[in-house]
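Reading through the structure tokens given below for one structure.
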Amino acid sequence: MRQIVLDTETTGLYPDKGHRIIEVAALELIDRKLTGNHFHRYVNPEREVDEEAERVHGLNWEQLKDHPLFADIVPPLLEFIAGAELIIHNAPFDVGFLNKELSLLGLPPLREYCPEVLDTLKLAKDMHPGKKNSLNALCDRYEVDNSHRSLHGALLDTELLAEVYLAMTRGQGSLLGEEEGPEEEREVEVEQHFDVTPRQALRVLHASEEELARHAKTIEDINKSSKGKCVWSNLEAQA
């Protein structure tokens, strides 16, 4: 199965208000293993970067103005992601920006190239309701080292998200029947170590006449002190 972990950085929060993509990164997973293939481009957004956005990722117009336009990176980007399941944290944000950029070029929306999108933020909320599920929070929860993440960056964030996603979904293969072999081996191992040696018959020791007499005297005393409410006495009478 081919999957692409994808992330973008932008000039602001709202593509419908003219904000644009400034960075795109994507990492390839095949059968839940990183292949080493990746896509990474900075983009000239043809506009200034909002101050709040710059504080998040550290990128500004001066750094970006000499990079290619989005139109120039579209062919290799679409070729890299085509047909794969996309894995994105807070997918509506990135998909919204990508669809806006594609529409400005007269191209079909992202679903025409990648029909399946997995939102790891939604997945995390389902798995950990009521808890923080930002990428940093998930890194802490799944012990993924993010100490080098002082600013957001598309390439770094895809690398972290890939590790987080694999940790979050570890073991799901068995639910899909992909790990039946190891499960069967473990079952065989348990059976091999199960003690099936027949047990000897238990020895039964009967009470002596003296012990039975002492028991009867104790029950009688309890029955008198409880004014006839001794449970054992009633049970013995019924028997």
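No value in this document is a laboratory result; all are computed from the given coordinates. Since this is a predicted model, take the numbers as computed values, not measurements. So basically every Cβ, Gly included, is an ideal-geometry build from the backbone, and we count neighbours across all protein chains shown.
List of remarks:
- With each label modelled as a point 7 angstrom along the Cα→C-beta vector, the Ser208-Asn99 pair spans 9.0 nm.
- Under 5 Å, built H, 5+ apart or other chain: amide partners of His19: Tyr14
- Amide H contacts of Leu86 (H built 1.01 Å from N, in plane; Pro and chain starts excluded): Ile4, Glu116, Val117, Leu118 sit under 5 Å, all sequence-distant by 5 or more or on other chains.
- Debye, to nearest 20: dipole size of region 122-166, +1 on Lys, Arg Cβ, -1 on Asp, Glu Cβ: 300 debye
- A full extension of the chain between Asp50 and Asp66 corresponds to an added length of 3.9 nm, given 0.36 nm per residue minus the alpha carbon distance.
- Cross-link partners of Lys100 among lysines, defined as those whose alpha carbon lies under 23 angstrom from its own and excluding same-chain residues fewer than eight positions apart: Lys17, Lys65, Lys122.
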